[in-house]
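Working notes, beginning with the structure itself.
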Amino acid sequence: MSTDKKEIIIESIPTSQSEDESNLMKPEVPLEGHVLRLFVTGTTPRSVRAITNLRSILEEHLPGRYSLEIVDLYQQPELAKQNNLIAAPTLIKSLPDPVRRVIGDMSDEVQVLLGLELIVE
């Protein structure tokens, strides 16, 4: 019996952007909402899984309280460098503070919820 363990990395990101730069990355959401960007690479199986898994998690745990932007790095490769991405898919939570990243296909719901700070260890 094979166990395919998916690796998901979560890291906190210090906020050192200027106010103008940070406003560019934060679309309008409800006051209690989460602002999220998911960076993917086209329609690869891993990207499609990440989108599907993340949407499912968000609808279950944050219905109507989030803004999700999906960014295709094949279409906008400059955003990989601007956001210091080292892998895709990568989810960046810019609001509420602190900024956090979750790397992987979002298949480990507990790790995604930890990354979004919806649960604590």
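The values are calculated or read from the model by the stated rules, or taken from the named source; none is laboratory data. Every value quoted in this text rests on a predicted model; they were computed, and no experiment measured them. Every residue, glycine among them, receives a Cβ derived from its backbone with ideal geometry; neighbour counts consider all protein chains shown. Just so you know, the surface numbers come from the protein's heavy atoms only, side chains and all, with ligands and any DNA or RNA stripped out. Shrake-Rupley method; radii C 1.70, N 1.55, O 1.52, S 1.80 Å.
Points worth noting:
- Just one of the listed residues (Val29, Val112, Val35) is at pLDDT 95 or above, touching a Lys or Arg at 6+ places or on another chain (Cβ under 9 Å), open to solvent by less than 50 Å² (accessible area, probe 1.4 Å) and not charged (D, E, K, R), and it is Val35.
- Residue within the stretch 8-23 that is part of a loop (DSSP other than H, G, I, E, B), touching a helix residue (DSSP H, G or I) at 6+ places or on another chain (Cβ under 8 Å), modelled with pLDDT under 95 and open to solvent by less than 60 Å² (accessible area, probe 1.4 Å) present: yes
- Restricting Ala80, Ala87 to residues that are farther than 22 Å from Leu114 by Cα and at pLDDT 95 or above narrows the list to Ala80.
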